[in-house]
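To start, the structure itself, in structure tokens.
The values are calculated or read from the model by the stated rules, or taken from the named source; none is laboratory data. These numbers were taken from a predicted model, which means no experiment stands behind them. A quick note on method: Cβ atoms are made from the backbone with ideal geometry, for glycine too, and the neighbour counts reach across all protein chains shown. Surface areas here come from the heavy atoms of the whole protein model, side chains and all, with no ligands, DNA or RNA. Shrake-Rupley method; radii C 1.70, N 1.55, O 1.52, S 1.80 Å.
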Amino acid sequence: MSGNKFLTGKTAIVTGASRGIGLAIAEGFAKAGANVSIASRNKSELLKVQQRLKTFNANVRAIATDVSKSKDVDALVDQTLKSFGNVEILVNNAGCFKELALVPFPDQVLRPPAVMRSSNQRMTDDEFREIIDTNIGGVFYGCRAVAPIMMNKGYGKIINISSVAGTKAYKLEAVYDSSKSAINMLTRCLALEWAPYGIRVNSLAPGDYITSMTSDAWKDPLRKENYLKSIPLSQAGDMDGLVSLAMFLASPESDYITGQTINIDGGLSAE
């Protein structure tokens, strides 16, 4: 993987690391010799991941964190700094995905099939806030917490995990898609603000990957068929490729890249 030789001894924080993309990236960093703080709300799952990553002789801290709470994110960064002495890399991966209509559809014929299996109630304030606070708040809090450390050192890499949904609209994803679009703009703004301090800020925008969050949808034969038809390359994403790209963005090899949202989606965003 690109970036391996550069990550040994570096310290990375990866949120949402108990499963899916976050787990894969954390494992890639650990294999490359980085110190890794893994964060998730699920402490028991985190401890399992910690033991798994330690098999690669990596130094790993498992820190229970709810990224929608600023005090949790500040504590995550503080504990990482105390354990490893620095934070060179932050991967804001934790996210919340839900397919929800804002209001019930009055015409049964026009209602998308997915809504048939969901509530007929309008989206609640709590449902809205969960998506926004996790997807946007978590990225904001993470960037804010590590920036002073990276500014003091004159160098840092921030990788925000966005989505193809940040540029491509989907039914029943108005709030989720908006949150991912906001991540892309936050990435651009912070890249401009922090470039003089040597901090590179980029986003990765995955398309359709089979993870614990999406596996149920992929198990549905009809939805799987529709997914594959919509992807120009007609296949789900390869996690190894995504991890390699994350490691590249975390390494000095990508030092001339900042403020970018890199789509890794099999051509979905090209349409």
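Here are a few things to note about the model shown:
Conditions (1) touching a Gly at 6+ places or on another chain (Cβ under 6 Å); (2) at pLDDT below 90; (3) within 30 Å of Leu90 (Cα to Cα), marked per residue:
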position: Ile199; (1), (2), (3): yes, no, yes
position: Leu204; (1), (2), (3): no, no, yes
position: Ala217; (1), (2), (3): no, yes, yes
position: Leu222; (1), (2), (3): no, yes, no
position: Leu242; (1), (2), (3): no, no, yes
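- Boolean, Thr15 is at pLDDT 95 or above, in contact with a helix residue (DSSP H, G or I) (Cβ under 7 Å, 6 or more places away or on another chain), farther than 20 Å from Met239 by Cα and surrounded by 24 or more Cβ atoms within 10 Å (Cβ to Cβ): no
- Checking each residue in the stretch 225-245 for being among the charged types (D, E, K, R) and either farther than 13 Å from Gly267 by Cα or surrounded by 15 or more Cβ atoms within 10 Å (Cβ to Cβ) (or both) picks out Glu225, Asp238, Asp240.
- Ala62 being farther than 30 Å from Phe128 by Cα, more than 17 Å from the chain's Cα centre (by Cα) and touching a residue at least 24 places away in the same chain (Cβ under 8 Å): no
- Exclusive hit being closer than 28 Å to Tyr176 by Cα and open to solvent by less than 40 Å² (accessible area, probe 1.4 Å), set Leu102, Leu23, Leu53: Leu23
- Of Ala145, Ala94, Ala75, all but one fail to be farther than 30 Å from Asn263 by Cβ, at pLDDT 95 or above and small (Gly, Ala, Ser); the exception is Ala75.
- Taking first residues from the stretch 187-216 that are open to solvent by less than 60 Å² (accessible area, probe 1.4 Å) and partners that are outside any strand (DSSP E or B) and among the acidic types (Asp, Glu), the Cβ contacts under 6 Å between residues at least 6 apart in sequence or on separate chains come to Gly207/Asp265.
- Scan of the stretch 163-186 for residues that are aliphatic (A, V, I, L, M), open to solvent by 20 Å² or more (accessible area, probe 1.4 Å) and under 21 Å from Cys143 (Cβ atoms), ordered by number: Ala182, Met185, Leu186
- Among residues of the stretch 117-132, those that are more than 11 Å from Val175 (Cα to Cα) and part of a helix (DSSP H, G or I), counted: 2
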